[in-house]
Amino acid sequence: MPTKIEKDSVTGTDTTGHEWDGVRELNTPLPTWWVYTFYATIVWAIAYYIVYPAWPGLSGYTKGIWSYSQRVEVEADIAQARAAQKGYRDRVGALSTDDIRKDPDLLAFALAGGRAAFADNCVPCHAVAGAGRIGYPSLADDDWLWGGTLAEIQRTIEVGARSGHAETRVSDMPRFGADGMLTGPQIDDLAEFVLQLSGRGDAAMAASAERGRPLYAENCAACHGDSGEGKPDVGAPRLNDQIWLYGGDKQSIVASINAARAGVMPAWAGRLDVETIKMLTVYVHSLGGGR
Amino acid sequence: MDGGVNLESKPRAASASAPTADEDDGPLYANRLKVYPKGVDGTFRRIKWAALIALLGIYYLLPWVRWDRGPGIPDQAVLIDMEARRAYFFFIEIWPQEIYYLAGLLILAAIGLFLATGLAGRLWCGYACPQTVWTDLFMWIERLIEGDRNQRIKLDQLPWNAAKLVKKTAKHAAWLVIAFATGGAWVMYFNDTPTLIHNAIYGNVSAPVAVFVALFTGTTYLLAGWAREQVCTYMCPWPRFQGAMLDEHSFVVTYQAWRGEPRGKRKKDEAVAGKGDCVDCGQCIAVCPTGIDIRDGQQLECINCGLCVDACNTVMAKVGLPTGLIRYDTVLNQARRAARLPAVYRLIRPRTAIYAVLLAAIGALMVYGLATRSTHDVTVQRDRSPLFVTLSDGAIRNGYTVKILNKLRQERSYMLTVFGIGAPHLQVTGQGEGEYVHFEAAPDSVATYKVYIAVPRAELKAESVPITFVLTDLAGGKAATHKSVFLGPKP
């Protein structure tokens, strides 16, 4: 309760007249500039409510007289970026991937665009920078199921593998074990021979591998080649190298002969525009294995 | 402090240890008392003028100095070109990769400051700090327009009238002009000065330039015109820890209390027996830019500018007493003089010796680094994905992004190879392949290349092998190197 206003002996300032248990409060007002700054912020806040979107309602919000929206701003930004890229994208669309690679400026654009598109669409299977994983081919090595030239890569991206596209890449290895074409011991011998093709055969199993040789010539050589060199036209992988999509140990090879493998890649023609597919092609080609 | 010397001889500090009645503690928050420093002449005032002219002269005029570097290169002696990412200091050209020279310069400045403080107290505060220099200039203008201390106090007490309005307006206008020149000079260090001025005349000013000019105009006007000693006392951290830099052998502005006390006014023919030399004229307080009484001893607010020395010497000469009642002296000598002992000076002490040695060592290191720095460089970043790739023939391949810097303004030929691993096969997109790869570098360029290195599996003795990229200038000279690693599967 206000009692009496008196001058404080220490500071020379008036008290407010408030006293609690003998503690008196000095009347020390805020600095004037501070008070006016505070009033200014109140005015500012009210102006902000009027001008900008502010209060939520049941079915929307107050729009403010400027009708400002961050969504509209983002759309405008995207449209602006598209417009800025238009010259490059038109050239990417008009030129072949070979010609894109020859133009350093366009190549840099295509690599940047390809990297972004790869991250959005390809990384879940082929891993970052096309490192690959079991069952999903590495795009950074020098081994290609369907060929590693720019044209071949572009074609594979467009039609996919076993994708349902009319012209899809498809290879059809028989299920030798599961369909009863070869017996268990025969598959064992065949796997031993295939190991030998890539120089990883076990000397102790040389007899088994020898038994596998005629089996290979009869059942496999037509697609995989006489010495396991593979046939990219039909998507038959090389067997005489050190790259194994489904694992190169004997157990994995036996499993592959037994029930075959049939990896699937979607067709991207129609899903992605032509320019993006070309940029992806150039990017994948640059990962280290392009021919 | 050893030797039983009390640096904190201010009475306030002494009474704090023995709290008395509530009334003696005073309020926790003190209102600012406006300081009206009086003009003064003397040795230290002249030194301060000389320092002011030299320092401001350098600041305002340096951006105008030209330095021919050849065609197509900026000809400003000191220029930090943010857009082109180059800094020019006369004959030195610094790339962003060499920013550690700036760090070295800052370390030198810090140790220099410690050394100067150890020797002679707050020399920096009193003579060279921008806050002191610009405040000094602003006070000089204030004195020109509004008159000296007493006239200014009177003017501030007067109610507003035309004459007061004219004087105040003129003062603030003059301050703003100087502040604007200060902001303008700042941006000149980051832009070609004549071009900048030319564009500004035609109203063509970029947003960053406008913002920085406004910022430095505003801060100069506020700090040197209004805040003044408040900056030194409340904002600046330096006075807070300068106590750690000082010792009893450091020269500081001191009042010789043994000689001056008991102080008191004197009249002619009055007997002076029992009185000290201090005539209590108050001149030392009147001229002080921070508004303190040096006779209270060493204190936080004192910037060691020596103006009270000049003021006191003038008065001492007038009343026919020996000068030096307030003087630069060491705290130890003050105590020795009081005890009638001869003064002792020790400039070389462990702390000053250590600072001086550090200063010389770092300076020498920087000069050596600058003199022998390479004109080309190579930096290597290893691919993170994939860590390594197995090739058809079983060889292991790693990918690297290699940046090659050519700091000369001429074309050069380089050869890149790798040490530390057997039979490396380098493959550089667009440049060729082999154990050695040749590069042609454009003048003054940073070029990025993708480098693949394949190594036969048999050569790989461990999962991680340290390797060194070596870039040799075919025209001779030092090779630039960069360390990295080569990763592979478990052998």
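The values are calculated or read from the model by the stated rules, or taken from the named source; none is laboratory data. None of the values given here were measured: they were computed from a predicted structure. Glycine also receives a Cβ, built like all others from the backbone with ideal geometry; neighbour counts cover every protein chain displayed. Ligands, DNA and RNA are stripped out before the accessible areas are found, and what is left, the full protein with its side chains, is counted by its heavy atoms. Shrake-Rupley method; radii C 1.70, N 1.55, O 1.52, S 1.80 Å.
Looking at B:155, B:113, B:144, can you tell me which residue is closer than 30 Å to residue B:356 by Cα and among the aliphatic types (A, V, I, L, M)?
When all the criteria are applied, what remains is B:113.
Working only within the stretch A:82-106, note down all residues that are open to solvent by 40 Å² or more (accessible area, probe 1.4 Å), of a type in the set (A, V, I, L, M) and more than 23 Å from residue A:270 (Cβ to Cβ).
A:83, A:84
Starting from residues that are of a type outside the set (Gly, Ala, Ser) and touching a Ser or Thr at 6+ places or on another chain (Cβ under 8 Å), keep the ones in the stretch A:160-172 and report whichever is surrounded by the most Cβ atoms within 10 Å (Cβ to Cβ). Break it down stepwise before answering.
Pass one, the stretch A:160-172, residues of a type outside the set (Gly, Ala, Ser): A:162, A:165, A:167-170, A:172.
The next check asks that each one be touching a Ser or Thr at 6+ places or on another chain (Cβ under 8 Å); those that pass are A:162, A:169.
Numbers: A:162: 17, A:169: 21.
Across the stretch A:160-172, the extreme among qualifying residues is A:169.
Take the residues in the stretch B:61-76 that are surrounded by 15 or more Cβ atoms within 10 Å (Cβ to Cβ) and in contact with a helix residue (DSSP H, G or I) (Cβ under 7 Å, 6 or more places away or on another chain); name whichever of them is farthest from residue B:125 (Cα to Cα).
Looking at the filtered set, the residue picked out is B:76.
Restricting the search to the stretch B:41-58, which residues are assigned to a helix (DSSP H, G or I) and open to solvent by 40 Å² or more (accessible area, probe 1.4 Å)?
Taking the stretch B:41-58 and keeping what is assigned to a helix (DSSP H, G or I), we get B:43-58.
Result: B:43, B:44, B:46, B:47, B:49, B:50, B:53, B:54, B:55, B:58.
For a quick check of your reading of the model, give me the residue pairs whose first member lies in the stretch A:153-174 and is over 23 Å from residue A:219 (Cα atoms), whose second is open to solvent by 70 Å² or more (accessible area, probe 1.4 Å) and at pLDDT below 95, with beta-carbon atoms closer than 6 Å and at least 6 apart or on different chains.
Pairs found: A:159/A:167.
Please count how many residues of the stretch A:87-98 are part of a helix (DSSP H, G or I) and polar (S, T, N, Q).
1
Of the numbered conditions (1) open to solvent by 10 Å² or more (accessible area, probe 1.4 Å); (2) more than 14 Å from chain A (Cβ to nearest Cβ), residue B:431 fails exactly one; give the number of that condition.
Of the numbered conditions (1) open to solvent by 10 Å² or more (accessible area, probe 1.4 Å); (2) more than 14 Å from chain A (Cβ to nearest Cβ), the odd one out for residue B:431 is (2).
I'd like to know if the stretch B:227-243 contains one or more residues that are surrounded by 15 or more Cβ atoms within 10 Å (Cβ to Cβ), closer than 27 Å to residue B:142 by Cβ and touching a helix residue (DSSP H, G or I) at 6+ places or on another chain (Cβ under 6 Å).
yes
For residue B:105, all conditions in the list (1) open to solvent by 70 Å² or more (accessible area, probe 1.4 Å); (2) part of a loop (DSSP other than H, G, I, E, B); (3) touching a residue at least 24 places away in the same chain (Cβ under 8 Å) hold save one; what is the number of the exception?
(2)
From B:161, B:150, which residue is within 26 Å of residue B:302 (Cβ to Cβ), exposed (fewer than 12 other Cβ atoms within 10 Å of the Cβ) and either in the same structural domain as residue B:81 (by TED's automatic domain parsing) or not aromatic (Phe, Trp, Tyr) (or both)?
B:150
Taking into account only those residues within the stretch B:410-428 that are open to solvent by 70 Å² or more (accessible area, probe 1.4 Å) and not in a strand (DSSP E or B), which is farthest from the other protein chains (Cβ to nearest Cβ)?
Out of the qualifying residues, it is B:410.
On the given criteria, is residue B:462 part of a loop (DSSP other than H, G, I, E, B), away from chain A (no Cβ under 14 Å) and farther than 29 Å from residue B:375 by Cβ?
yes
Restricting to the stretch A:246-291, and then to whatever is of a type in the set (Ser, Thr, Tyr) and within 14 Å of another protein chain (Cβ to nearest Cβ), can you tell me which residue is least open to solvent (accessible area, probe 1.4 Å)?
So, considering only residues that are of a type in the set (Ser, Thr, Tyr) and within 14 Å of another protein chain (Cβ to nearest Cβ), the one least open to solvent (accessible area, probe 1.4 Å) is A:283.
Could you tell me how many of the residues in the stretch A:99-113 are within 15 Å of residue B:429 (Cβ to Cβ) and in a helix (DSSP H, G or I)? Write out each step before concluding.
First, the residues of the stretch A:99-113 that are within 15 Å of residue B:429 (Cβ to Cβ): A:100-104, A:107-108, A:110-111.
Okay, now just the ones that are also in a helix (DSSP H, G or I), so A:100-102, A:104, A:107-108, A:110-111.
Final tally of qualifying residues: 8.
Any chance the stretch A:174-194 includes a residue that's away from every other protein chain (no Cβ under 14 Å), within 19 Å of residue A:290 (Cα to Cα) and either among the aromatic types (Phe, Trp, Tyr) or surrounded by fewer than 17 Cβ atoms within 10 Å (Cβ to Cβ) (or both)?
no
Find the helices (runs of 4 or more DSSP H) located wholly in the stretch B:222-295 whose residues include 2 or more that are closer than 24 Å to residue B:310 by Cα, in contact with a Gly (Cβ under 8 Å, 6 or more places away or on another chain) and at pLDDT 90 or above, and list them.
Ranges flagged: B:283-287.
Say whether the condition of being more than 14 Å from chain B (Cβ to nearest Cβ), open to solvent by 70 Å² or more (accessible area, probe 1.4 Å) and β-branched (Val, Ile, Thr) is met by at least one residue in the stretch A:20-29.
no
Residue-by-condition table, conditions (1) within 14 Å of another protein chain (Cβ to nearest Cβ); (2) not basic (Lys, Arg):
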site	(1), (2)
A:89	no, no
A:104	yes, yes
A:108	yes, yes
A:115	yes, no
A:119	yes, yes
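Can you pull out every residue in the stretch B:373-385 that is within 22 Å of residue B:475 (Cβ to Cβ) and either surrounded by 15 or more Cβ atoms within 10 Å (Cβ to Cβ) or free of Cβ contacts under 8 Å to residues at least 24 places away in the same chain (or both)?
Correct list: B:373, B:374, B:376, B:377, B:378, B:379.
Would you be able to tell me the number of residues in the stretch B:434-453 that are over 18 Å from residue A:288 (Cα atoms) and surrounded by fewer than 16 Cβ atoms within 10 Å (Cβ to Cβ)?
Counting residues in the stretch B:434-453 that are over 18 Å from residue A:288 (Cα atoms) and surrounded by fewer than 16 Cβ atoms within 10 Å (Cβ to Cβ) gives 7.
If residue B:485 satisfies every condition in (1) touching a Pro at 6+ places or on another chain (Cβ under 6 Å); (2) open to solvent by less than 40 Å² (accessible area, probe 1.4 Å) but one, which is the exception?
Among (1) touching a Pro at 6+ places or on another chain (Cβ under 6 Å); (2) open to solvent by less than 40 Å² (accessible area, probe 1.4 Å), the lone unmet condition for residue B:485 is (2).
Report yes if residue B:352 is over 23 Å from residue B:100 (Cα atoms), part of a helix (DSSP H, G or I) and more than 14 Å from chain A (Cβ to nearest Cβ), otherwise no.
Yes: the conditions hold for residue B:352.
Considering every residue within the stretch B:345-359, establish whether at least one is more than 30 Å from residue B:332 (Cα to Cα), open to solvent by 40 Å² or more (accessible area, probe 1.4 Å) and hydrophobic (A, V, I, L, M, F, W, C).
no
Identify all residues within the stretch B:396-409 that are open to solvent by 10 Å² or more (accessible area, probe 1.4 Å), within 14 Å of chain A (Cβ to nearest Cβ) and in contact with a Lys or Arg (Cβ under 9 Å, 6 or more places away or on another chain); write none if there are none.
If the condition is that a residue be open to solvent by 10 Å² or more (accessible area, probe 1.4 Å), within 14 Å of chain A (Cβ to nearest Cβ) and in contact with a Lys or Arg (Cβ under 9 Å, 6 or more places away or on another chain), then B:401 is the only one that fits.
Looking at (1) in contact with a Phe, Trp or Tyr (Cβ under 7 Å, 6 or more places away or on another chain); (2) within 30 Å of residue A:272 (Cβ to Cβ); (3) open to solvent by 50 Å² or more (accessible area, probe 1.4 Å), can you tell me which one residue A:213 breaks?
Every condition holds for residue A:213 apart from (2).
Given the conditions (1) in a helix (DSSP H, G or I); (2) open to solvent by 30 Å² or more (accessible area, probe 1.4 Å), report the number of the one that residue A:157 does not fulfil.
Residue A:157 satisfies all of (1) in a helix (DSSP H, G or I); (2) open to solvent by 30 Å² or more (accessible area, probe 1.4 Å) except (2).
Name the residues in the stretch B:125-159 that are acidic (Asp, Glu) and not in a helix (DSSP H, G or I), would you?
Passing the criteria: only B:148.
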